[in-house]
Amino acid sequence: MGQLLEAKRFMSKPEADIAASFLHSHDIHAVVFADNEGNMAPHLTLVTAARLLVPEEDLETAKRLLAEMAEDAIPPSHDDSTPAIDGGVNADARRAYYACIVGFVFLPVVANLYSLWLLVTRVLPQSADLSRTAKWQTLAATLLNLLMLAGVAYLVMRN
């Protein structure tokens, strides 16, 4: 077995486990890597994602099978309001939005900086490919992040 490479990212560990089971049924060894503190903190997957890893020699076959599985699972839609389950730019926009909310409520600054990093490095360079929902999430995350950081800057400057 060769080096393990990422076949796809998922927003939750159960989704990644289902995909791994699907690949196992096609005789492809798959491993789910989810940094969620041993399932003690499943909410961390919203920020870090669950990664599905497969051997290097099975990577292309696994990606093809996962794409076929996603096509069969999602009914055709006539609008772009349904976010793609592709681990791509739409998932990054959703992750930035969730990290912003977590930062706004629980972990100010840390999660907001992570959210801004996602927006600047992954989402905004590919903004033409965003679904309508992902565009709203990107806008909301940007505004909330800037509001939070302006509030923190005000508190720092006041002291």
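Brief remarks follow.
- Within the range 100-123, the set of residues being of a type in the set (Gly, Ala, Ser) and at pLDDT 85 or above comprises Ser115 only.
- First in the range 16-34 and closer than 10 Å to Arg51 by Cα, second anywhere and assigned to a strand (DSSP E or B) and among the basic types (Lys, Arg), Cβ under 6 Å, 6 or more apart: Phe33/Arg51
- Verdict on Glu37 being acidic (Asp, Glu) and at pLDDT below 85: yes
- Of all residues making up the range 118-136, the number that are in a helix (DSSP H, G or I) and either of a type outside the set (A, V, I, L, M, F, W, C) or surrounded by fewer than 15 Cβ atoms within 10 Å (Cβ to Cβ) (or both): 12
- Scanning the range 93-106 for residues that are free of Cβ contacts under 8 Å to residues at least 40 places away in the same chain and part of a helix (DSSP H, G or I) yields a single hit, Val105.
Every residue, every condition in (1) buried (at least 19 other Cβ atoms within 10 Å of the Cβ); (2) in the same structural domain as Leu66 (by TED's automatic domain parsing); (3) among the hydroxyl-bearing types (Ser, Thr, Tyr); (4) touching a residue at least 12 places away in the same chain (Cβ under 8 Å), yes or no:
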residue	(1), (2), (3), (4)
Pro108	no, no, no, yes
Leu116	yes, no, no, yes
Thr138	yes, no, yes, yes
Leu149	no, no, no, yes
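The values are calculated or read from the model by the stated rules, or taken from the named source; none is laboratory data. Owing to the predicted nature of the structure, the values given are computational and were not obtained by experimental measurement. All Cβ positions, even for glycine, are placed from backbone atoms using ideal geometry, and neighbour counts span all protein chains on display.
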